[in-house]
1. Taking the Cα centre of region 16-73 as origin, work out the dipole magnitude from +1 charges on Lys and Arg Cβ and -1 charges on Asp and Glu Cβ, in debye rounded to 20.
2. Cut-off 20 Å, label point 7 angstrom out along Cα-to-Cβ of LEU194: give me the residues of region 137-177 whose amide nitrogen falls inside.
3. So, with +1 on the Cβ of K and R and -1 on the Cβ of D and E, and no other charges, what is the size of the charge dipole of the chain about its Cα centre, to the nearest 20 debye?
4. Measuring with a 1.4 Å probe in the full set of protein chains, what accessible area per residue, in whole Å², belongs to the chain?
5. Note the full-extension length gain between ALA182 and HIS53 as 0.36 nm times their separation in residues minus their Cα-Cα distance, in nm to one decimal.
6. Could you check which residue among ARG25, ARG138, ARG86 shows the biggest mean-square fluctuation in a GNM of the chain with a 10 Å Cα cutoff?
7. Per residue of region 158-164, in order, report the coupling 6.51 cos²θ - 1.76 cosθ + 1.60 (Karplus, θ = phi - 60°) as ³J(HN,Hα) in whole Hz, putting x for Gly and Pro.
8. Could you give the nm distance between label points at GLN218 and SER7, where each point is 7 Å from its Cα heading toward the beta carbon?
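The values are calculated or read from the model by the stated rules, or taken from the named source; none is laboratory data. Source: prediction; values computed, not measured. No Cβ is skipped: glycine too gets one built from the backbone with ideal geometry, and neighbour counts run over all protein chains shown. Surface areas here come from the heavy atoms of the whole protein model, side chains and all, with no ligands, DNA or RNA. Shrake-Rupley method; radii C 1.70, N 1.55, O 1.52, S 1.80 Å.
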Amino acid sequence: MYLDLLSAGNNGFETAINRSFPRFRSSRLSAVVTALQRVQASPIQLNMANLMHALHTWRTQDPNEWANRGGTNGVAYRLWMETKQRLRNATGYLPYPNDPLLPGGCPGTTLLGTYVPPAPEGVGEICHGFTYRWLVARGKLPETRPAQGAGWNGVVMAPVLFPNGVNTYAAARAGGVLQVQAGDLVGFYDPNTLLLQHTVIVEAQNLWFGANNAGTFQQPIGRTQVNLNAVPMGYAWIDGGNQWQTPLGTCDVVYRRFP
């Protein structure tokens, strides 16, 4: 998961929780601000654990302030999730497993309990960029790609997402039955060129989630959920196998399961 609110110099949290009136804020919230500044200066395990503790104390002892000040742009939720995921991925330490509720209007995406901030590219985010970001946030892939910039196409991302090559991964559908489960990475490959065309994350067996699902599922740009039982005409499985048909052609569909 890319550093967002935790990144050095980011004042998004304090800007969101500040008020011109009333100016008073609890000592628990002030402790969160101090702990966050320490993490931004030195993101070591102790500082992240202290920030997690400060957030938990604020959330439980000042629930109204958490909902009010912390509800601005979902900033308290975002900081909680980013800190928890960073701490868990770096150390395996998960002190408070019960996450707060996702507030309405919170930017970014929470999928299967893993939060991914909005992409720097906005709605122009490439599918492989989102699946990679989600897998990094979940602790399934190391963070080896830059947060911004070009180079998210299938040629670049195939060795990252499917490093062993398309022919070494199992078919996502066999005998007319989907083989995938929640958390799997699904890849759509051109059967002729063997180039990676599209990737999504399995939310539930027939619910797949990704970015820029336009060409593969005729969905709007941006991050969207796809119900495979309700796709438009012209988009469908071919017979009982793992080939997916679109008006632009067919793809071989495989999946990768992570431990």
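1. Once rounded to the nearest 20, the dipole reads 140 debye.
2. Inside the label zone: 153-173.
3. It comes to approximately 820 debye.
4. 46
5. Between ALA182 and HIS53, full extension yields an extra 43.4 nm.
6. It is ARG25.
7. 4, x, 7, 8, 10, x, 8
8. Rounded to a tenth, the inter-label distance reads 3.8 nm.
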